[in-house]
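Here the structure comes first, spelled out in structure tokens, and everything after it is commentary.
Since every read-out is calculated from the coordinates, none of them should be taken as a lab result. All values derive from a computational prediction rather than experimental measurement. When we count neighbours, we look across all protein chains shown, and the Cβ atoms used for this are built from the backbone with ideal geometry, even at glycine.
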Amino acid sequence: MALKLKMGDTLRLKKPHPCGGRLWTVARLGADIGIQCAKCGRHALIPRSRLEPQVKEAAPQAAALHES
Ligand SMILES: [Zn+2]
């Protein structure tokens, strides 16, 4: 299933970032997806094909997902 992403969407990934955060905000769309860690603010650029299997949950707003 293709993941539908929009700018500003919040993603929960399966693997936590080294900082411990699992929530990311979509900051750039394209063949590579730019995401920003909601906890430490670091940016990452990941090919869509590699990001999709990592996404556990996606929501249009940060308020919809909670760090756990
Ligand atoms: Zn982080």
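Some notes on this structure:
- Value of Rg/Rh across segment 10-56 [Cα atoms, Kirkwood radius]: 0.92
- Karplus (6.51, -1.76, 1.60) ³J(HN,Hα), θ = phi - 60°, over segment 18-33, in Hz, Gly and Pro reported as x: x, 6, x, x, 10, 9, 10, 10, 6, 10, 7, 10, x, 5, 9, 9
- Residues whose amide H lies under 5 Å from that of residue 29, counting only those 5 or more places away or on a different chain, are 34; hydrogens are built 1.01 Å from N in the peptide plane.
- Listed values for segment 35-48 are Karplus-derived 3J(HN,Hα) couplings in whole Hz (6.51 cos²θ - 1.76 cosθ + 1.60, θ = phi - 60°), namely 10, 10, 5, 6, 8, 10, x, 5, 9, 9, 10, 10, x, 3, and x replaces Gly and Pro.
- Each Lys or Arg adds one and each Asp or Glu takes one away; over the other residues whose Cβ falls under 15 Å from the Cβ of residue 5, this sums to +3.
- For the chain, the number of Lys pairs separated by eight or more positions or lying on different chains, with C-alpha atoms closer than 17 Å, is 6.
- Rounded FRET efficiency, nearest 0.05, which uses the C-beta distance separating residue 56 from residue 36 and R0 of 22 Å: 0.80
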